[in-house]
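Inspection log for the structure reproduced underneath, given as structure tokens.
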Amino acid sequence: MCGIFGYIGRRSDAAGLVVEGLKNLEYRGYDSWGTAWKTEKGISVRKDIGKISSVKSADFTDETSIAIAHTRWATHGGVTKQNAHPHLSCDENIAVVHNGIVENYDALRNELKAKGHRFLSQTDTEIIPHLIEEEMKSTKDFAAAVRSACQRLKGRFGILAMHAASQTLVAARAGSPLIVGVQKGKTKTSPVEGYYIASDIPAFLEHTRTVQYLDDGEMVVTDGKSILFSDIVSGRERPKREVEISWSMEQAVKGQYEHFMLKEIMDQKESVARAVNQDEEQIKTLAKAIREAQGTFIVGCGTAGKACMAAEYFFSVIAQHHVNFAPASEFKLHHHFLKPESLLIVVSQSGETADVLEAMHIAKSKGAKVLAVVNVEGSTISREADYTLRINAGPERAVASTKALTGQLAVFLLIAYALAGKLQDGKTLLLETAAEINDMLNPRYVERIRSLAENIKTARDVFIIGKSWNYPMALESAIKIQEVSYVHAEGFAGGELKHGPIALIEEGTPCIALVGKDEVMDDIISNTIELKARGAQIIGISPVKHDVFDEWIKVPNAGNAQALVNIIPVQVLAYFLAVTRGKNPDMPRNLAKSVTVK
Ligand code: AGP
């Protein structure tokens with residue numbers, strides 16, 4: 001998600017300062033960057049696609065005390081320099097950076113065009129400086145114009161705005177976080193020397209640990225010496241106390257979460273939607289390559305491998321197209337099937353996994369093409385593949401892969417729908433599912449699962465069953481629980497229980513049933529009843545309640561995307577099982593984030 005950072009105060013190197021600070025927000029993931037600063041000549045802008053890490057603050061030589069900067073994660077409009085923020089008004093006197101989505105931008109854009117405004121980008125953000133410019137025609141007060149403009153925006157936003165003729169910085173928040181850093185002065189006569197305003201504390205932590213929190217529906221106006229918090233709608237002042245931050249930089253990146261694993265599980269409120277945000281022509285091209293290939297293999301390791309296994313079901317059920325899954329480490333013996341017309345799809349969060357790289361080399365040695373579905377841009381796998389799709393999950397730092405998995409599942413569902421000639425149906429389903437995940441991951445829901453983890457923390461074994469695409473999620477559930485809590489967990493195809501595993505069930509054994517409201521629901525419920533009959537404690541993860549459940553964790557009824565939602569409560573359960581058992585879920589024993597050895 002986008003990063004925002006602005007400064008106003010006594011310093012005169014504001015442009016370089018905000019660019020440097022933005023580098024501390026790179027973990028949020030982005031594809032372009034930009035900055036604007038104010039001098040007596042007006043507002044200057046520099047922006048580009050690519051990484052801000054290569055930009056030197058020394059390149060900004062103008063003396064300036066007001067600057068704003070932004071790292072963009074593309075939502076509306078492709079990854080281009082023109083679409084990068086900041087965006088300017090027609091007269092280039094107003095610059096704005098924005099995090100979030102303006103849902104009514106189409107109507108506002110048409111209204112502004114009818115009034116003569118010209119737009120240069122495809123972004124929703126660009127309507128904001130033009131809207132402020134229009135409002136300034138009726139009020140000469142810049143802050144008042146920003147307030148009026150914000151009252152017309154629908155959707156989630158966090159914005160920073162500056163004006164060439166105003167010695168103020170204005171910020172407004174409605175759904176996307178913004179925090180104020182206070183640079184204390186050294187003398188009584190100047191108690192404050194400046195203000196930093198950012199989407200996340202790491203942007204300014206090296207300068208100050210004194211912060212004031214902006215809440216949704218609020219805006220701030222500051223001249224660098226004082227600051228006024230107010231309600232966007234009523235204008236009523238909202239005094240804020242100052243808070244001292246004691247975090248280290250790493251803790252600041254984790255924000256309010258104790259571990260990266262939980263932070264990344266919660267990132268799924270936004271990362272699933274980002275996975276869906278793909279270039280449609282590219283998706284159609286890849287679907288065509290799959291359709292035309294003579295034999296498509298899909299390989300990955302561990303959690304990524306379970307995404308591949310689920311994809312096999314997606315392609316079968318949604319597109320009636322056969323692809324062959326194999327764990328990457330088992331692919332070696334499949335090379336007999338490969339020919340130049342074959343296609344190998346590889347999936348890897350890190351893009352560095354040795355077994356996956358070996359599978360790629362085998363395929364290439366036979367002349368086959370390789371499609372990589374990765375998260376880390378510029379990774380070895382992404383550079384060696386013929387085609388690459390990025391899941392846009394943003395950096396995943398916990399060893400346990402969570403948001404990368406749901407990003408991989410979302411991308412494969414999209415491709416399966418494209419293969420069936422129904423790409424828009426797939427996008428609609430996935431964006432609806434993303435919104436439901438956002439609603440599902442609320443504090444009450446998380447607390448419910450935390451207490452469930454508390455109840456089963458002494459269990460020796462946990463078994464998980466699923467059918468169809470919930471079977472790979474049963475296997476993935478086992479990996480999650482194993483790797484962070486060290487509890488013995490095993491996933492089974494529900495139909496396999498009576499062929500052996502059911503002998504393991506004892507009185508009170510926790511068993512998780514992954515259920516969908518689909519054609520196999522009755523079967524998996526029957527399997528669950530078999531477990532219950534042997535004394536198992538049943539935890540049902542399902543869109544609908546069943547009598548067989550001792551505990552019911554409700555999930556959205558997501559249709560063909562059910563696997564994507566069902567795995568999320570298990571991620572949360574695994575996390576709290578680890579924590580309640582005194583383990584550090586971010587650094588599990590014996591495991592590495594990227595397995596670069598065979
Ligand atoms: C998942 O939680 C594990 N950390 C592990 O199974 C991981 O998925 C596997 O090593 C593959 O990693 P990759 O996605 O980076 O290739």
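The values are calculated or read from the model by the stated rules, or taken from the named source; none is laboratory data. All values reported here derive from a predicted model rather than from experimental measurement. All Cβ positions, even for glycine, are placed from backbone atoms using ideal geometry, and neighbour counts span all protein chains on display. Only protein heavy atoms, including side chains, enter the accessible area calculation; ligands, DNA and RNA are left aside. Shrake-Rupley method; radii C 1.70, N 1.55, O 1.52, S 1.80 Å.
Listed by first and then second residue, the pairs with beta-carbon distance under 6 Å, at least 6 apart or on different chains, first residue in the stretch 485-513 and among the aromatic types (Phe, Trp, Tyr), second surrounded by fewer than 17 Cβ atoms within 10 Å (Cβ to Cβ), are 492/501.
The listed residues are 423, 419, 430, 452, and the only one of them that is crowded, with 19+ Cβ neighbours inside 10 Å and in contact with a strand residue (DSSP E or B) (Cβ under 8 Å, 6 or more places away or on another chain) turns out to be 452.
With respect to being under 21 Å from the mean Cα position of the chain (by Cα), open to solvent by 10 Å² or more (accessible area, probe 1.4 Å), basic (Lys, Arg) and over 16 Å from residue 69 (Cα atoms), residue 156 fits the description. Out of all the residues in the stretch 299-310, is one or more among the hydrophobic types (A, V, I, L, M, F, W, C) and away from the ligand (no atom under 16 Å from the Cβ)? No, that holds for no residue. Against the definition (among the small types (Gly, Ala, Ser) and modelled with pLDDT of 90 or more), how does residue 365 come out, yes or no? Spelling it out, residue 365 is indeed among the small types (Gly, Ala, Ser) and modelled with pLDDT of 90 or more.
Which of the residues belonging to the stretch 524-539 are open to solvent by 70 Å² or more (accessible area, probe 1.4 Å) and in contact (Cβ under 8 Å) with a residue 24 or more places away in the chain? Of everything in the stretch 524-539, just one residue is open to solvent by 70 Å² or more (accessible area, probe 1.4 Å) and in contact (Cβ under 8 Å) with a residue 24 or more places away in the chain, namely 534. Scan the stretch 228-250 for residues that are touching a helix residue (DSSP H, G or I) at 6+ places or on another chain (Cβ under 9 Å) and either of a type in the set (A, V, I, L, M) or closer than 14 Å to residue 181 by Cβ (or both) and the total you get is 6. The single condition from (1) surrounded by fewer than 23 Cβ atoms within 10 Å (Cβ to Cβ); (2) closer than 12 Å to residue 416 by Cβ; (3) out of contact with any Pro (no Cβ under 9 Å at 6 or more places or on another chain) that residue 312 fails is (3). The strands (runs of 3 or more DSSP E) found entirely in the stretch 481-598 that carry 1 or more residues being under 20 Å from residue 433 (Cα atoms) and among the aliphatic types (A, V, I, L, M) are 510-514, 537-542, 551-554. State yes or no: is residue 220 assigned to a loop (DSSP other than H, G, I, E, B), among the aliphatic types (A, V, I, L, M) and either open to solvent by 20 Å² or more (accessible area, probe 1.4 Å) or over 30 Å from residue 349 (Cβ atoms) (or both)? Taking the combined requirement at face value, the residue does not satisfy it.
Pairing residues of the stretch 346-374 that are within 19 Å of residue 275 (Cβ to Cβ) and open to solvent by less than 20 Å² (accessible area, probe 1.4 Å) with residues that are of a type in the set (Ser, Thr, Tyr) and away from the ligand (no atom under 15 Å from the Cβ), at Cβ distances under 8 Å and at least 6 apart in sequence or on separate chains, gives 371/387; 372/387. Just one of (1) more than 27 Å from residue 485 (Cα to Cα); (2) open to solvent by less than 40 Å² (accessible area, probe 1.4 Å); (3) touching a strand residue (DSSP E or B) at 6+ places or on another chain (Cβ under 9 Å); (4) within 14 Å of the ligand (Cβ to nearest atom) fails for residue 390. It is (2).
Would it be correct to say that residue 228 is open to solvent by 10 Å² or more (accessible area, probe 1.4 Å) and outside any loop (DSSP other than H, G, I, E, B)? Yes.
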